[in-house]
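Student: Structure provided below as structure tokens; questions to follow.
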Amino acid sequence: MALASSRPLHRISAPPLSSPSSSSLPLARRRAARPRGCIRFAMRWEGRGVVVARALLGGFEDVGTSESDDEEDAHGALRSYEGEDLSLELHAPSSGPERWDILGLGQAMVDFSGMVDDEFLERLGIEKGTRKVINHEERGQVLRAMDGCSYKAAAGGSLSNSLVALSRLGSSRSTSYPELRIAMAASVGSDPLGSFYRAKLRRANVHFLSKPIKDGTTGTVIVLTTPDAQRTMLAYQGTSSTLSYDSDLASIVSKSNVLIVEGYLFELPHTIKAIKQACEDAHKNGTLIAVTASDVSCIKRCYNDFWDIVANYADILFANANEARAFCELSSTESPMSAARYLSHSVPLVSVTDGVHGSYIGVKGEAVYIPPSPCIPVDTCGAGDAYASGILYGIIRGSSDLKGISLLASRVAAVVVGQQEETRRLFPRSHACSTSVSSVPESGSGGRLAFSGGQPQVAAGMVVATEEMAVYCFDALVAHYSGDQPPPPAFEEGIHPLFVTWKKSTNGSEPRLRGCIGTLEARQIVTGFREYALTSALRDRRFPPIQSKELPYLECTISILTEYETALNHLDWEVGKHGLIIEFTDPDYNMRHTATYLPEVAAHEGWTHLETIDSLMRKAGYDGTITESLRKTIRVTRYQSTLYIMHYGEYAAYVKKNRGAAPAINGAPVANGFKPGH
């Protein structure tokens with residue numbers, strides 16, 4: 001592949017540091033520099049704990065960094081930069097009334113997102129955790145299968161997710177900074193879905209600049225999220241598969257400070273020419289160019305096209321760990337840090353996210369580790385897009401603190417991962433959502449796609465938490481360590497929201513939390529307890545996974561949630577009786593926050609009503625000043641629960657009594673001091 005030879009490797013203020021050590025890395029690709037004479041964005045890794053100013057963070061004031069930069073993760077010790085400033089020069093034109101701060105080129109897709117179980121995917125023959133392009137008929141088949149489930153429609157796509165998050169961070173309410181001017185160019189049809197898409201972006205203060213294509217069909221992405229927070233995406237491209245680069249778009253590109261190119265465009269062969277033209281014009285005008293990797297399969301199919309743009313034009317590259325490895329042609333066993341280091345020889349700033357393990361920032365052949373912000377993962381959809389928005393926001397605001405920007409990005413992603421969806425319903429109803437496009441609001445109506453309101457009601461035949469349910473959770477965990485299936489449950493099926501909590505107690509100490517994850521949506525409790533027993537034990541990102549040697553010290557609490565009611569105000573509930581779901585909007589940044597506490601939390605902590613509400617607001621990610629007037633705006637849903645608490649010793653006694661033998665992993669009895677090698 002012929003690469004431009006007129007652009008040197010980096011725009012840097014110091015020589016490159018050491019190159020990647022892995023001998024398996026392909027030869028580095030070369031790139032060249034943009035014209036001088038533009039504003040300088042200096043990116044530095046500060047060798048100290050960082051609390052970035054609220055003015056920059058857009059509401060995320062305390063990013064929770066430690067006093068030490070000597071972080072460590074599963075890949076071994078990570079060294080931070082000390083002494084030398086790692087300074088990276090990124091240039092952008094001056095802002096002005098006729099300029100756009102951010103312009104995105106990508107696919108305009110309406111997202112249909114909903115919660116499903118593994119059985120749903122198996123029934124339709126869909127591989128979990130993948131992204132697949134489907135045709136019009138297949139889209140109809142999936143949406144018909146979702147009829148009766150709770151789901152929402154949104155102006156989606158990876159790029160629009162980032163632009164909307166940027167708009168929220170860059171609201172003029174947030175600081176003395178001017179409001180960010182954000183625009184998007186993409187293809188939508190003249191159908192109702194196209195009108196819905198444009199209206200949604202307009203409400204989010206993102207300007208959609210492209211005219212609808214007459215008689216075109218707007219693309220859609222069906223996002224199916226399973227209880228373990230894994231997402232499966234089914235994309236119908238429709239009109240979104242086209243992108244025309246005309247004189248109007250060329251003029252807009254020349255007046256933009258940052259151009260973001262969405263990686264999904266690369267899988268559409270006739271869009272490559274338009275991408276190249278846009279990048280070339282952006283390069284000539286000193287516009288910063290960011291590229292999102294988007295998808296591993298997309299990278300593999302369009303490898304040369306990706307590298308042609310990335311190596312010759314990109315100033316910033318966003319990728320997750322698997323995508324970064326695909327760029328470098330590394331095996332899945334290689335560390336994301338190695339990929340970040342390698343890619344930073346060809347791109348000045350590289351961002352590599354690694355899910356619950358955190359993220360890496362690559363600069364000049366080195367990489368720094370960014371720890372994840374703690375949260376309970378509810379839905380990973382959009383987390384990487386939100387992370388990218390945090391990085392871009394720091395750059396466009398001119399921050400010189402690379403660590404602060406990266407921690408902001410991590411925090412924004414954590415809010416997305418841990419939030420409850422805006423239109424989430426606790427109990428599915430038959431025909432709650434219509435899949436007909438005629439139900440989409442017309443442009444400017446501001447409504448949601450066929451989503452009925454109303455307070456959810458407790459299902460008939462209310463289920464109560466029992467001993468057998470706690471046994472089944474222990475069974476699921478023991479079976480996991482043995483590589484087996486758990487024994488059949490000894491309780492009847494039901495449909496309820498539920499939580500599974502694991503605590504650990506040693507030497508008679510008070511039990512300490514080791515994991516707690518559940519669902520506020522009603523679901524079948526047999527599969528629910530099995531899945532959440534494992535998810536809370538192994539994938540609660542606040543804690544390391546529970547090991548089999550910890551089993552004798554565990555205590556399991558199962559909670560079945562009931563009696564949902566809308567409270568009259570934020571004080572209309574009883575400590576020790578009611579659990580709470582709060583929803584409110586940050587008055588400074590117009591960002592929605594939500595969080596929940598189970599009924600036992602407030603009583604266990606000894607909190608008053610106000611202390612509980614304030615703690616919930618902080619848990620939801622709100623960092624501003626809590627006032628009484630803000631408390632009064634909170635929408636509170638109260639609920640009750642039935643609990644059953646079981647210690648491992650009680651579980652072992654139950655199993656021995658009812659099954660004739662003590663619990664065992666691969667034939668070895670589980671008791672204090674048990675060390676099966678996990």
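Student: Please enumerate the residues belonging to the range 582-621 that are more than 27 Å from residue 500 (Cβ to Cβ) and of a type in the set (Ser, Thr, Tyr).
Tutor: Selection gives 585, 589, 608.
Student: Right, something else. Residue under question is residue 342, and the condition is that it be within 21 Å of residue 414 (Cβ to Cβ), buried (at least 24 other Cβ atoms within 10 Å of the Cβ), among the aromatic types (Phe, Trp, Tyr) and modelled with pLDDT of 90 or more; does it hold?
Tutor: no
Student: Among the residues of the range 641-676, write down those that are at pLDDT 90 or above, of a type outside the set (Gly, Ala, Ser) and loosely packed, with under 14 Cβ neighbours inside 10 Å.
Tutor: Listed by number, the residues that qualify are 656, 657, 658, 659.
Student: If you scan the range 504-532, which residues turn out to be over 27 Å from residue 225 (Cα atoms) and basic (Lys, Arg)?
Tutor: 504, 512
Student: Is it true that residue 154 is closer than 30 Å to residue 282 by Cβ and either touching a helix residue (DSSP H, G or I) at 6+ places or on another chain (Cβ under 7 Å) or at pLDDT below 85 (or both)?
Tutor: Considered against the rule, which asks whether it is closer than 30 Å to residue 282 by Cβ and either touching a helix residue (DSSP H, G or I) at 6+ places or on another chain (Cβ under 7 Å) or at pLDDT below 85 (or both), residue 154 comes out as yes.
Student: Related question: Please indicate, with yes or no, whether at least one residue in the range 365-381 is modelled with pLDDT under 90, charged (D, E, K, R) and either surrounded by 24 or more Cβ atoms within 10 Å (Cβ to Cβ) or under 30 Å from residue 115 (Cα atoms) (or both).
Tutor: yes
Student: Name every residue in the range 121-134 that is over 22 Å from the mean Cα position of the chain (by Cα) and under 26 Å from residue 264 (Cβ atoms), in order of residue number.
Tutor: Once the filter is applied, which keeps residues that are over 22 Å from the mean Cα position of the chain (by Cα) and under 26 Å from residue 264 (Cβ atoms), the range 121-134 yields 124, 125, 134.
Student: Among the residues of the range 289-296, is any hydrophobic (A, V, I, L, M, F, W, C), assigned to a strand (DSSP E or B) and under 14 Å from the mean Cα position of the chain (by Cα)?
Tutor: The answer is no, given that none of the residues of the range 289-296 is hydrophobic (A, V, I, L, M, F, W, C), assigned to a strand (DSSP E or B) and under 14 Å from the mean Cα position of the chain (by Cα).
Student: Kindly indicate whether residue 182 is farther than 30 Å from residue 533 by Cβ and among the hydrophobic types (A, V, I, L, M, F, W, C).
Tutor: Yes, satisfied.
Student: I'm trying to understand the selection: among the residues of the range 175-224, which are of a type in the set (A, V, I, L, M, F, W, C), in contact (Cβ under 8 Å) with a residue 40 or more places away in the chain, in contact with a Ser or Thr (Cβ under 8 Å, 6 or more places away or on another chain) and not in a helix (DSSP H, G or I)?
Tutor: The answer is 180, 182, 183, 184, 185, 186, 188, 204, 206, 222, 223, 224.
Student: Go through the range 463-478 and report how many residues are closer than 12 Å to residue 646 by Cα and either over 30 Å from the mean Cα position of the chain (by Cα) or not assigned by TED's automatic domain parsing to the domain that holds residue 492 (or both).
Tutor: Looking only at that region, the number is 8.
The values are calculated or read from the model by the stated rules, or taken from the named source; none is laboratory data. Please read all numbers here as calculations on a predicted model, not as lab measurements. No Cβ is skipped: glycine too gets one built from the backbone with ideal geometry, and neighbour counts run over all protein chains shown.
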